1. Please specify each residue of segment 47-103 satisfying the condition of being modelled with pLDDT under 90, among the charged types (D, E, K, R) and either under 19 Å from residue 117 (Cβ atoms) or not in a helix (DSSP H, G or I) (or both).
2. Spot the failing condition for residue 105; the list is (1) over 30 Å from residue 6 (Cβ atoms); (2) among the aromatic types (Phe, Trp, Tyr); (3) touching a residue at least 24 places away in the same chain (Cβ under 8 Å), and only one is missed.
3. Does segment 107-114 contain at least one residue that is farther than 30 Å from residue 44 by Cα and surrounded by fewer than 16 Cβ atoms within 10 Å (Cβ to Cβ)?
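The values are calculated or read from the model by the stated rules, or taken from the named source; none is laboratory data. Treat the numbers as computed from the prediction; the structure is a model and nothing was measured. Note that we place each Cβ from the backbone using ideal geometry, even for glycine, and neighbour counts take in every protein chain shown.
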Amino acid sequence: MKPMLKFSLALVGMTLLMGLGATALLLAGGPALAAETAAPAGAVSSEVWRWGLAAAAASTALSALGAGFAVAKVGTAAIGALAEKPELFGRLLIFVGLAEGIAIYGLIVSILILNRLA
């Protein structure tokens, strides 16, 4: 197996493991946190709280996984093109930045979900 493929698989595996771990922690701690505080008039139930935390964790984890995959593919192609034509650096940097934007969109979605729960 190629070293780059091994590294990519290890990176994807670690990202997936961290996302699943964060989801498990949020699911385990969410109802306990909701039960400790006094529920105000417009509070959400523990079931909605649990699903909201799971959705926020899933949106962050899956978007980070997708962004990592996109940056790996675009970055590899960008390095190949940069080796042939160094003057393409600015354009290639924009492509890699657009691929990284996927993770930021997932983070924004999770923040919006968490704001609806509060």
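1. 47, 50 - these are the residues of segment 47-103 that are modelled with pLDDT under 90, among the charged types (D, E, K, R) and either under 19 Å from residue 117 (Cβ atoms) or not in a helix (DSSP H, G or I) (or both).
2. (1)
3. At the first step, the residues of segment 107-114 found to be farther than 30 Å from residue 44 by Cα are none.
The answer is no; no qualifying residue exists.
Condition check ((1) touching a helix residue (DSSP H, G or I) at 6+ places or on another chain (Cβ under 8 Å); (2) modelled with pLDDT under 90; (3) farther than 14 Å from residue 110 by Cβ; (4) among the basic types (Lys, Arg)) across all residues:
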| position | (1), (2), (3), (4) |
| --- | --- |
| 17 | no, yes, yes, no |
| 23 | yes, yes, no, no |
| 34 | yes, yes, yes, no |
| 38 | no, yes, yes, no |
| 41 | no, yes, yes, no |
| 44 | yes, yes, yes, no |
